[in-house]
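Derivation of every value follows stated rules applied to the coordinates shown; laboratory data play no part. Source: prediction; values computed, not measured. Every residue, glycine as well, gets a Cβ built from its backbone with ideal geometry; the counts of neighbours run over all protein chains shown.
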Amino acid sequence: MTVPRTALIILLILVMGPLPGCTGRREGAFLAMGGIPVKVVAHDRSRTSFANDLSAVESYVSSMEDVFSTYRKNSGISAINSVGKGCSEDVSPALIDILKRARHWSEASDGAFDVTVGPLIDLWRKAAKEGTLPSAHDSTRARSRIGMRHVMIRGNDVCLERENMRLDLGGIAKGAILDGAAQLLRRDSVARGLVEAGGDVAAFGTGTFTIGIQNPRAGRQAALLGVLAIDEGGVVTSGDYERYVVIEGKQYSHIIDPRTGIPVKGLVSVTVVGPNATDADALATAISVLGRTKGIELIKSLKDYKAIIVERDADDSFTVWHSKELTDALSLHGRWRKRTRTF
Ligand code: AMP
Ligand code: MG
């Protein structure tokens, strides 16, 4: 029996797998930003090009942590914070850009989102370490050092107008890094792909992307609340399940209302879908602070943004509130389907 040559070649490819020069959907990951997996997906890439994409994204993420992370002592943001009251000159353009976005969302959310929240973050971290709630006196003192209106941006200079102010970009930096990584891939001629970190996503290119929405109660049931089909853009979730501290037996969110000085209660998770991950990140944090009613008001006032809000009900079950424009795109799993409301 003679086997046709083409069949032999196909068989060889199946056995050996695609050649290094062949293009296809590629996926890889690395750990960053405090040990979370960062996943990179690129379509129509050869194995060699994708290896380069992945290492370029990894270097980029680390370089941005050197700018944005308050956990890195020598970062750009730590340098501004170490000045205390006063000006830092020649601040990197990436830092100027993110501070301008942060100011925009601070104003749009009436101060619910505010990256000057650092003194309150420190106060609650210290409280968690010591196991006692912060005193009213310490809370008032911390709050006197908060407010985006005390941050001046002039050209490439950033000035803090009060003593002991501390900027914390934790509510917006991950989104900005995801957007930057997606842009980098685009510049390297990846036509379609995504970058994901801890469930937050920046996707780019034509066609639909299916994004898993994190289940705020994972562990007790399936790891996803559902899936969302979106065009390119950002999907970012803030949740009380992610990071929190326990003081005197009670759980406190890592998101703090800058206006009251108290960690937020109420919403279990907020997912924002929009044209980019930076703004979606800031908005998800802002809505977590604003609560359901004011949060919905804010999202409805913004044409390009949609949200999914999970709220804990009095009977300890949950209601999933979502923008009506997401009805067709969102497919909820299991019991999350039981109580849904649209806005
Ligand atoms: P996210 O997980 O994006 O909601 O961001 C939460 C992080 O943002 C916290 O860990 C803090 O670093 C920071 N943060 C907390 N409260 C606020 C707030 N009201 N505005 C801006 N950033 C905040
Ligand atoms: Mg955020």
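Counting only alpha carbon atoms, the long axis of helix 5-16 and the longest principal axis of the chain meet at about 30°.
Anyone know which of Cys22, Cys159, Cys87 comes out most mobile in the 10 Å Cα GNM of the chain? Judging by the Gaussian network model, the answer is Cys22. Between 0 and 90 degrees, the angle of helix 47-68 with respect to the longest Cα principal axis of the chain falls at about 0 degrees.
Modelled this way, with points 7 Å down the Cα-to-C-beta line, the labels at Met152 and Arg339 are 5.0 nm from one another. Loop-resident trypsin sites (Lys or Arg not before Pro) (DSSP state other than H, G, I, E or B) in the stretch 16-90 with no more than 15 further Cβ atoms inside 10 Å of their Cβ: Arg72, Lys73, Lys85. With everything on Cα atoms, drop me the angle between helix 118-130 and the longest principal axis of the chain, reported from 0 to 90° to the nearest 10. With both axes taken from Cα atoms, the answer is about 90 degrees.
In loop segments of the stretch 285-343 as defined by DSSP, the trypsin sites (Lys or Arg not before Pro) with at most 10 further C-beta atoms inside 10 Å of their C-beta are Lys303.
With both labels modelled 7 Å from their Cα along Cα-to-Cβ, the Glu297 to Val246 distance reads 3.6 nm. Under a straight-distance cross-link criterion of Cα-Cα below 26 Å, which lysines are reachable from Lys306, leaving out those fewer than 8 residues away in the same chain? Correct list for Lys306: Lys39, Lys100, Lys174, Lys265, Lys294, Lys324, Lys338. Restricting the calculation to Cα atoms, every distinct pair contributes to the Kirkwood radius of the chain, found to be 21.6 Å.
Backbone phi angles across the stretch 288-304, fed through the Karplus curve with coefficients 6.51, -1.76 and 1.60 (θ = phi - 60°), yield HN-Hα couplings of 4, 7, 5, x, 4, 5, 5, x, 5, 4, 5, 5, 6, 7, 10, 4, 8 Hz in residue order; Gly and Pro are listed as x. Note on Thr140/Ser82: beta-carbon distance plugged into 1/(1 + (r/R0)^6) with R0 of 25 Å gives a FRET efficiency of 0.55.
Residue order for Phe68, Phe209, Phe204, Phe113, fewest other beta carbons within 10 angstrom first, comes to Phe209, Phe204, Phe68, Phe113. Cysteines in the chain that lack a partner Cβ within the 4.7 Å cut-off: Cys22.
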